[in-house]
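Engineer: First, the structure itself, so that you have it in front of you.
The values are calculated or read from the model by the stated rules, or taken from the named source; none is laboratory data. As the structure is a computational prediction, the values presented were derived from the model and not from experiment. Using ideal geometry, Cβ is built from the backbone for each residue, glycine included, and neighbour counts are taken over all protein chains shown. Remember, those area values only see protein heavy atoms, side chains included, never the ligands or the DNA or RNA. Shrake-Rupley method; radii C 1.70, N 1.55, O 1.52, S 1.80 Å.
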Amino acid sequence: ASADGETFLPVAEHAADGKSYRLPEGSLGGSTLFLRLRAGQEGPGSFQFSRLSATFDGAPLEARGRSFYAAETPETDRVTLSFQQLSGGTSTDHYRLIGRVYNPTAAASTVKPELVINDRAVFRGETLTVGPQEQRFFPLDFALPESGDLTLNLQADGAVAQRVYVFIPSLYDASYGALLPGNDDNLTLWTADAGWRVGRHRSLPAAEAPAVKVALAKNEAESVQLVLASEYDQSDVQIDLSALENDAGGQLPADTVEIRMVDYLFLPVATDRQGTIDFWPDVLAPLSGGITLRGGENQPVWQTVRIPAETAAGLYRGTVTIRGAGTDRTVPLEVEVFDFALPDTLHCPAMTSLQKRYIEECQKAETPADKQAAYDQYMQLMKEYHLSPYEITPYAPIEVDWQPETTGGPTAAVDVPVDFSRFDAEVERVLRQYRFNRFVLELPTPPGIDRLNEPLTPFQERMIADVYGKINRHIVEKNWQEIAFVYVWDEPHPSAFPEVDACLQRLRRYAPDLKLLVTPFWIQRRWEPNLDIWCFLSHHYVEWAAQRCRDNGEELWWYVCTGPREPYAGLFIDHPALELRTWLWQTWANRIDGVLIWSSTFWCDANAPGYPARDIYRQPLVINESGGEFGNGDGSLLYPPRAAYDPSVRGPLPDGPVPSQRLAMWRDGLEDYEYFVRLRELLADRGSMLPPAERRDCEELLTVPEAVSYDLFAFSRNPAALQAHRLKLARAIEKLSKMNFPENH
């Protein structure tokens, strides 16, 4: 252990198993603790331990850190170089290497160490003269601006002496962003794409930009980050927006832009190697009052532009003013509105669960009216993000009287009373108000029966037949059979296939017009022809099996949850923010019809009896019933208001759900998917009017570029390529939209 990274004191030595030791006096000091672990000296070894943890006397700490691994090269009869220490500096993209040069020969030697990163970036140290039988230590400062896999070669005279493989999480990427004009010692402003996780301690970008810029279609939302950084603490920093105006005098009011503050969560456990123990941005907190800046830290401000469908296309200019940070600062804001509009209801269904129990508890809603009002707040947010909740009528189910009066013998038909009145009124209200394109149809079951695979008495069988026949006819009469579906079984293991078959057979027999969905762990032809919607984990996609489903007229959906993990696109807080947006580009590339994430409000401790609610601001990691880790943020794309965990605040809470950066990326991906759909439609309708070469160029835009996503596990975490292709799609859509057919067409 070391307080300065240079002088190390031994702590302990052991052969196997976990042990606890107290750090020696003198190894702590300042704000940084260095720990160095080394395998036995006999030869190459390995470290196999899942977690290194520490307990401190006094108040608890929230700490961040990095780990690096280097294999030592054996000493030879020549001058050798080796890593002694690799650590982060004052900011996350600056590092210091402490190296060792040893000269075992009888003559002095001159060495100029250098560090080569991914065979391109070179950092050279000072020339060292090392005497016979002498060793010298040297520092070498360097930058790792990019994230991902990096190879560090420590060498001299072009010969590699030692190699280290380093993975830099996206949180520490420093290759993006642009400084805005007019920065001074009081406040530095810079801008970044919404697809980046801006680390608290990330250094300032080198690039410059004249304005904060956003480009989007009508009836679309798009976000951008404005980052505030100060060298000292400041409080009550205010942000004001002006109206935006185009050259023709048209205006967008200031409230076209919504401002939220990006809040950080401390993650004490990494989901996988994409993550790291640190503060990660994700919460898009409502902005009430001023912002507090902490010296030496970044504070991103999330700006979301929403353009009404009737807006005139063109470039709109306005300003963002920051007040109270020493002196007022104003930076330009430019919004380009493309000359086409997205529809209110997008083509790609996107579904997630809103679990009313936790909404009620966290919104502190007790009366039926308060519960419905709270749930409506969450459905409204779903609408804004183009998502459809599973449960659209949680307080108005189909009502069935499972004790019908019967006449006749034991095989006589039964007439079970089914009341659709409350259900119908609520479905009609929700679809009219929120425009959801899918919903889960909750089928009632007789008392004591949880699933339709269970053995039924002849009387129960006749009741099921009667009730489901009535529901089937009613859904068809209402013309809801294309948007309602039955979620039959979640992730059945192959051992449960016979039970799933029993459910599917009863449903097909008694309700043949209802769509049926199952989430098997992989695509297979097991339930032909009983399944309408296949929904599988994204990394289980198999093209030949998927094509069989398409040929059979079935829908293909996929989902992400606690898996897949790295290297696939996922939903975790400690993954690159862009991943959920890229996932929708992969959805288009693989001809998938719909997407699903199992829950957005799983705010509970699944490892405790009764599944009590948990403070997900303090415990973002989901622990399942077995004590396993589901990953940071799994099941929680939304946050409740922070007052949910304040016992002094009485309900019902007026503030509704708080979105996440991940949710915004999912929304943007769904809107990007719509660009592809719109261009495909226009090419089918008007492509013949284009010259052949130009038509081919437009058709090529319908293919996701390899620079965005090569396949499901090789894709860019940098939004630049995605944004560049999105702009090309927009320009092609604009051009085709303006083309008119000849009069004799």
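Engineer: Rounded to the nearest 500, what is the 222 nm mean residue ellipticity of the chain from helices alone, with -39500 (n - 2.57) per DSSP H run of 4+ residues and division by all residues? Provide the component values of the computation, followed by the final result.
Structural biologist: Details: 10 runs with 147 residues, N = 745.
The helix-only estimate for the chain comes to -6500 deg cm²/dmol at 222 nm.
Engineer: Once R0 is set to 41 Å, what does the formula 1/(1 + (r/R0)^6) return for the Cβ-Cβ distance between Arg22 and Tyr617, expressed as a FRET efficiency to the nearest 0.05? Kindly include the intermediate steps, with their values, before the conclusion.
Structural biologist: On the way: r = 32 Å, r/R0 = 0.78.
Efficiency, from the Cβ-Cβ distance: 0.80.
Engineer: Moving on to the next point. So, in nm, how far is label Thr321 from label Phe167 when the simple model puts each one 7 Å beyond its Cα toward the Cβ?
Structural biologist: Inter-label distance under the simple model: 4.8 nm.
Engineer: Given a cut-off of under 8 Å on Cα pairs at least six residues apart, what relative contact order in percent is computed for the chain? Each step should come with its number before you reach the end.
Structural biologist: Values: 1463 pairs, mean separation 74.0, N = 745.
That works out to 10 percent.
Engineer: According to the square roots a ≥ b ≥ c of the eigenvalues of the Cα gyration tensor, what is the shape class of the range 167-222, taking rounded for a/c under 1.5, prolate for a/b larger than b/c otherwise, and oblate for the remainder? Don't skip to the end; give the middle numbers.
Structural biologist: On the way: a/c = 2.46, a/b = 1.19, b/c = 2.08.
The shape class here is oblate.
Engineer: Let me check the size of the range 140-238 from its C-alpha atoms; what are the radius of gyration and Dmax in Å?
Structural biologist: So, for the range 140-238, Rg and Dmax equal 17.9, 60 Å respectively.
Engineer: Then there is this: Would you mind giving the average projected area, over all directions, of the Cα convex hull of the range 674-724 in nm² with one decimal?
Structural biologist: Details: hull surface 16.3 nm².
About 4.1 nm², averaged over all directions.
Engineer: Determine ³J(HN,Hα), in whole Hz, for all residues of the range 232-237 in sequence, where each value follows from phi through the Karplus function 6.51 cos²θ - 1.76 cosθ + 1.60 and θ = phi - 60°; x replaces Gly and Pro.
Structural biologist: 9, 5, 9, 10, 6, 7
Engineer: Send over the per residue convex hull volume for the range 75-200, Cα only, as a whole number of Å³. If you can, show how the numbers build up before the last one.
Structural biologist: Numbers: hull volume 16.0 nm³, N = 126.
Enclosed volume per residue, from the Cα hull, is 127 Å³.
Engineer: Under 15 Å from the Cβ of Ala217, count the other residues' Cβ atoms, weight Lys and Arg +1, Asp and Glu -1, and hand me the total. Write out the running numbers ahead of the final one.
Structural biologist: Details: positive: Lys218, Arg306, Arg667, Arg678, Arg726, Lys728, Arg731, Lys735, Lys738; negative: Glu220, Glu222, Glu310, Glu336, Asp339, Asp344, Asp668, Glu671, Asp672, Glu674, Glu681, Glu734.
My count for the surroundings of Ala217 gives -3.
Engineer: A further question on this structure: Taking square-rooted eigenvalues a ≥ b ≥ c of the alpha carbon gyration tensor, is the range 597-677 rounded, prolate or oblate, where a/c under 1.5 means rounded and, failing that, a/b exceeding b/c means prolate?
Structural biologist: On the way: a/c = 3.03, a/b = 1.38, b/c = 2.20.
The shape class here is oblate.
Engineer: Could you pull out every residue, at least 5 positions away or on a different chain, whose amide H is within less than 5 Å of the one on Met351? Hs are placed 1.01 Å off N in the peptide plane, and Pro or chain starts have none.
Structural biologist: Close amide H contacts, sequence-distant or interchain: Ser388, Val595, Leu596, Ile597.
Engineer: Here is a further query. Would you mind getting me the FRET efficiency between Gln380 and Leu9? Use the beta-carbon distance for r and R0 = 60 Å, nearest 0.05. It would help to have the intermediate numbers written out before the result.
Structural biologist: Values: r = 58 Å, r/R0 = 0.97.
So, using R0 = 60 Å, E works out to roughly 0.55.
Engineer: Could you give the length gained by full extension between Asp185 and Asp255, i.e. 0.36 nm per residue of separation minus their alpha carbon distance, to one decimal place?
Structural biologist: Values: separation 70, 0.36 × 70 = 25.20 nm, distance 3.03 nm.
Answer, rounded to one decimal: 22.2 nm.
Engineer: What base-10 log of the normalised intensity I(q)/I(0) is obtained for the chain from the Debye formula, alpha carbons as equal point scatterers, at q = 0.06, 0.08, 0.10 Å⁻¹?
Structural biologist: -0.45, -0.78, -1.14
Engineer: Now, a different point. Across every pair of different alpha-carbon atoms, what Kirkwood hydrodynamic radius in Å does the range 502-661 reach? List each step's numbers first, then the result.
Structural biologist: Numbers: mean 1/r = 0.0557 Å⁻¹.
Hydrodynamic radius (Kirkwood, Cα pairs) of the range 502-661 is 18.0 Å.
Engineer: Over 18 Å between Cα atoms, which of Lys218/Lys735; Lys218/Lys728; Lys383/Lys515 qualify?
Structural biologist: Numbers: Lys218/Lys735 15 Å; Lys218/Lys728 16 Å; Lys383/Lys515 23 Å.
Pairs exceeding 18 Å: Lys383/Lys515.
Engineer: Let me ask something else about it. Give the separation of the Cα centroids, the range 366-387 to the range 275-341, in Å.
Structural biologist: Using only Cα atoms, the two centres lie 26 Å from each other.
Engineer: Shifting gears a bit: Quick check on the chain: of the DSSP beta bridges with both residues there, what percent are antiparallel, nearest 5%? Write out the running numbers ahead of the final one.
Structural biologist: Working: 100 of 130 bridges.
Here the antiparallel bridges make up roughly 75 percent for the chain.
Engineer: Another one. Find, among the GluC sites (Glu not before Pro) in the range 625-675, those assigned to loop by DSSP (not H, G, I, E, B) with at most 15 other beta-carbon atoms within 10 angstrom. Walk me through the numbers on the way to the answer.
Structural biologist: Numbers: sites: Glu625, Glu629, Glu671, Glu674; in loops: Glu625.
The qualifying sites are Glu625.
Engineer: Once you have the Cα-Cα distance between Gln723 and Lys213, take 0.36 nm times their residue separation minus that, and quote the gain in nm to one decimal.
Structural biologist: Values: separation 510, 0.36 × 510 = 183.60 nm, distance 1.22 nm.
This chain segment gains 182.4 nm when fully extended.
Engineer: Under the Karplus relation 6.51 cos²θ - 1.76 cosθ + 1.60, θ = phi - 60°, what is the ordered set of whole-Hz ³J(HN,Hα) values for the range 138-151, x standing for Gly and Pro?
Structural biologist: Listing the rounded values in order: 9, x, 8, 8, 8, 10, 10, x, 9, 9, x, 7, 10, 10 Hz.
Engineer: Now for a different question. From the convex hull of the Cα coordinates of the range 390-505, what is the mean projected area in square nanometres? Each step should come with its number before you reach the end.
Structural biologist: Numbers: hull surface 33.2 nm².
For the range 390-505, averaging the hull's shadow over all directions gives 8.3 nm².
Engineer: Could you report the accessible area of Asp247 in Å², rounded to 10, computed with a 1.4 Å probe on the protein chains as they sit in the structure?
Structural biologist: Here the accessible area works out near 140 Å².
Engineer: Classify the range 300-387 as rounded, prolate or oblate from the Cα gyration tensor: take a ≥ b ≥ c as the square roots of its eigenvalues, call it rounded if a/c is under 1.5, otherwise prolate when a/b beats b/c and oblate if not. Don't skip to the end; give the middle numbers.
Structural biologist: On the way: a/c = 3.34, a/b = 1.46, b/c = 2.28.
Oblate.
Engineer: Here's another thing I want to ask about it. Evaluated at 4 °C with a viscosity of 1.567 mPa s, what Stokes-Einstein diffusion coefficient in µm²/s does the range 94-137 have when Rh comes from the Kirkwood expression over alpha-carbon pairs?
Structural biologist: Working: Rh = 11.6 Å.
Translational diffusion coefficient: 112 µm²/s.
Engineer: A further question follows. Starting from the Cα of Asp272, step 7 Å toward the Cβ, then list every residue of the range 699-725 with an amide N under 14 Å from that point.
Structural biologist: 712-715, by backbone N distance to the label point.
Engineer: If you average over every viewing direction, what projected area does the convex hull of the Cα atoms of the range 279-433 give, in nm²?
Structural biologist: Numbers: hull surface 66.8 nm².
With the hull built on Cα positions only, its mean projection is 16.7 nm².
Engineer: OK, next. Which value results for Rg/Rh of the range 580-723 when Rg is the Cα radius of gyration and Rh the Kirkwood radius based on the inverse mean 1/r?
Structural biologist: Numbers: Rg = 21.0 Å, Rh = 18.4 Å.
Value, to two decimals: 1.14.
Engineer: What full-extension length gain, to one decimal in nm, is calculated for Ala243 and His94 as 0.36 nm per residue of separation minus the Cα-Cα distance? Provide the component values of the computation, followed by the final result.
Structural biologist: On the way: separation 149, 0.36 × 149 = 53.64 nm, distance 3.99 nm.
Extra length available between Ala243 and His94 comes to 49.7 nm.
Engineer: Equivalent-ellipsoid semi-axes (√(5λ), Cα gyration tensor) for the range 239-350, whole Å, largest first? Don't skip to the end; give the middle numbers.
Structural biologist: Details: eigenvalues 194, 109, 23 Å².
The three semi-axes for the range 239-350 are 31, 23, 11 Å.
Engineer: While we're looking at this one, here's another question. Taking the Kirkwood radius as the inverse of the mean 1/r across Cα pairs, report the Rg/Rh of the range 401-462. Please report the intermediate quantities before stating the final value.
Structural biologist: Details: Rg = 16.0 Å, Rh = 14.5 Å.
That ratio is 1.10, to two decimals.
Engineer: Which trypsin sites (Lys or Arg not before Pro) in the range 209-299 sit in a loop by DSSP (not H, G, I, E or B) and have at most 15 other Cβ atoms within 10 Å of their own Cβ? Each step should come with its number before you reach the end.
Structural biologist: Values: sites: Lys213, Lys218, Arg260, Arg273, Arg294; in loops: Arg273, Arg294.
Qualifying residues, ordered by number: Arg273, Arg294.
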